[in-house]
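Asker: Right, I'll just put the structure down here and ask away after.
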Amino acid sequence: MDDQPSQPQAAPRNLLAPDEPGPVVVENGDAAAPVLVVCDHATNFVPRAFDGLGLPPAELERHIAYDIGILPVARRVAEALDAPLVRSNFSRLIVDPNRQLDDATLMPEIADGTIVTGNRGLTDAEVGARLATFFWPYHHEITRRLEAIQTRGVAPVLISLHSFTPVMHGRKRPWEVGILWDRDERLPVPAMDWLARRGWTVGDNEPYSGRDHHGYTQHVHGDRLGLPNILLEIRQDHIAHGDGQARWADELLAMLRTLLADEALYHARPR
């Protein structure tokens, strides 16, 4: 599973203090299912070295810093499926682990109208240090976990969980859940059908598209390797609180248990 772009060489520059948590967390590491759950935008943690990226604390509580509400859902889903959960442990404002390296929003200078002063005028060395400290350790762990499942003679299923805002740039988003996908329809199409039958307003590559290739995790770890995969986005007003998180975790679990029972799913497609 070496189909990842070449990585810039840069030594971390003490961006994490010894008493601060690492950039990636694995939960349910000994789980047995041939499934990997990932959460790219799990937290809004900003290490002290960044001085809050020049933002007031309230800005780091917004969606620009992380995917509100999705981590509790991901934890419930992973635990119930007996699947490992790999999650980031840094704000997407430091570096977005679900962006291609040439994407302007990888380390955004402006995020939904907010100027991120700590991201302005970054040097190549500073960019490289962030990638080496945060981005690559997260993706190396995903690769390692997928390879471990493959050693059991089965193609792992990759489930990526996100959330999205009810309104963006003044436009209300009618979708309650979105399915992002590109090459592999094995999970996305039946998932959309299942959710629609349950009465949810489902976005097919809405509110974002899995076909514009600005994303990273699903494309690099899923489609490029021929692994069955799906990216699910839940609207944040549904999962901002515990009751909604529990409801959506149960909803996703009911769906996933049905879809993942198909043994034909666990085969890699030719690249």
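Asker: Give me the extension gain from Thr201 to Ala80: residue separation times 0.36 nm, minus the current Cα-Cα distance, reported in nm with one decimal.
Answerer: Taking Thr201 through Ala80 to full extension adds about 41.1 nm, to one decimal.
Asker: Can I ask one more? Can you tell me how much longer the chain between Thr258 and Glu126 gets when fully stretched, taken as 0.36 nm per residue apart minus their C-alpha distance, in nm with one decimal?
Answerer: Computed gain between Thr258 and Glu126 is 43.0 nm.
Asker: To continue, here is another question. How much length is gained on full extension from Arg62 to Ala148, taking 0.36 nm per residue of separation minus their Cα-Cα distance?
Answerer: Gain on extension, Arg62 to Ala148, equals 27.4 nm.
Asker: To continue, here is another question. In the range 107-176, which trypsin sites (Lys or Arg not before Pro) are in a loop and have at most 13 other Cβ atoms within 10 Å, using DSSP for the loop call?
Answerer: Of the trypsin sites (Lys or Arg not before Pro), the ones in loops of the range 107-176 whose Cβ has at most 13 other Cβ atoms within 10 Å are Arg120, Arg152.
Asker: Next up: Counting other Cβ atoms within 10 Å, keep those with at most 15, restrict to DSSP loop, and tell me which GluC sites (Glu not before Pro) in the range 176-271 are left.
Answerer: Those that pass, being in a loop and sparsely packed, are Glu185.
Asker: Can you put Thr105, Thr123, Thr114 in order of Cβ neighbours within 10 angstrom, beginning with the fewest?
Answerer: Taking fewest neighbouring Cβ atoms as first place, the list is Thr123, Thr105, Thr114.
Asker: Label Ile110 and Asp30 with points 7 Å out from Cα along Cα→Cβ: what is the distance between them in nm?
Answerer: 5.1
Asker: Along the Cα→Cβ direction, 7 angstrom out, place labels at Phe45 and Leu101. What is the inter-label distance in nm?
Answerer: 2.5
Taken together, the values in this text are just the output of simple stated rules run on the coordinates, not laboratory data. Everything numeric here is computed off the predicted structure, so don't read it as measured data. Here Cβ is always computed from backbone atoms with ideal geometry, including for glycine, and neighbour counts include all displayed protein chains.
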